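Chemist: One structure coming up, written as structure tokens, with questions to follow.
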Amino acid sequence: MKKKTERRRIVLAVTETSPLPALWRIAKQHLVDPNDELITYLIHDERWRRAASLPFTREVSRISGRRQDFTEGRAAEIDAVATARLTKQLRRLTEDAPRRIVLEVLPEGEIHRVLEKLSAVKDVIIVSSELKQRPVYDALVQVRCRALFVEPDD
């Protein structure tokens, strides 16, 4: 009886401003087996949504300087545009990949449910170094698998 091979997971943890080409270059180096699974998690900053819920929060246009209320609806709109841009960029980078690429949006506070599923022996998480400045960093450095923090110039 042939032993079933478990999938190895390569996880990209990114934000809307992550250096996706640099992260993808590192990910490709780790995708060696056709059974390897690549999952990209767009980590949403929950502080952004909390700020949008405050009655005194304002958005200031970079171009006109015009101020307007920064609402949860506006935050959702900005998130949707950023997610679409990241998804398009990821598809463009991975169009030649021999496997399906999964992108999931994940609130920062839910990262634990992803990290606890990673195997210490075979899985890899590739993280944008900008996450070192965010609350999620504490969870990322305690992960059981190999964690690679990638600088924009890597």
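Only the coordinates and a few stated rules stand behind these numbers; no lab work does. Since we're looking at a predicted model, the values are computed, not measured. Virtual Cβ from ideal backbone geometry, glycine too; neighbours counted across all protein chains shown.
Chemist: Distance between the C-alpha centers of the range 41-108 and the range 114-137? Whole Å please.
Modeler: 20 Å
Chemist: Now, a different point. Return the distance in nm (one decimal) between the two label points of a simple spin-label model at ARG100 and ILE63, each offset 7 Å from Cα along Cα→Cβ.
Modeler: Those two pseudo-labels are separated by 3.9 nm.
Chemist: Sequence-distant or interchain residues sharing an amide H contact under 5 Å with CYS145, placed H: which?
Modeler: Excluding prolines and chain starts, which carry no amide H, there are no hits.
Chemist: Another question about this same structure. Which one, GLN68, ALA13, VAL121, is farthest towards the positive end of the dipole of the chain when Lys and Arg carry +1 and Asp and Glu -1 on their Cβ?
Modeler: VAL121
Chemist: Got a sec to turn the phi values of the range 104-110 into Karplus ³J(HN,Hα) couplings, 6.51 cos²θ - 1.76 cosθ + 1.60 with θ = phi - 60°, whole Hz, x for Gly and Pro?
Modeler: For the range 104-110, the Karplus-derived couplings read 10, 8, 9, x, 3, x, 9 Hz, x marking Gly and Pro.
Chemist: Taking Cα atoms, how many degrees apart are the long axis of helix 72-93 and the longest axis of the chain, rounded to 10 and kept between 0 and 90?
Modeler: Tilt of helix 72-93: around 40 degrees.
Chemist: Starting from the amide H of GLU37, placed 1.01 Å from N in the peptide plane, find each other amide H under 5 Å away whose residue is 5 or more places distant or on another chain.
Modeler: Close amide H contacts, sequence-distant or interchain: ARG8, ARG9, ILE10.
Chemist: Based on the Cα gyration tensor of the range 59-154, what are the three equivalent ellipsoid semi-axes, each the root of five times an eigenvalue, rounded to whole Å and given largest first?
Modeler: Over the Cα atoms of the range 59-154, the ellipsoid semi-axes are 30, 19, 14 Å.
Chemist: Go through the range 16-24 residue by residue and turn each phi into a ³J(HN,Hα) via Karplus (6.51, -1.76, 1.60, θ = phi - 60°); whole Hz please, and just put x for glycine and proline.
Modeler: Values, residue by residue: 5, 10, 5, x, 4, x, 5, 5, 5 Hz.
Chemist: A further question follows. Determine, from the Cβ-Cβ distance of ARG91 and THR71 and an R0 of 25 Å, the FRET efficiency 1/(1 + (r/R0)^6), rounded to the nearest 0.05.
Modeler: Plugging the Cβ-Cβ distance into 1/(1 + (r/R0)^6) gives 0.25.
Chemist: Enumerate the amide H contacts of VAL105 below 5 Å, restricted to partners 5 or more residues apart or on another chain; note that Pro and chain-start residues carry no placed amide H.
Modeler: Close amide H contacts, sequence-distant or interchain: LEU42.
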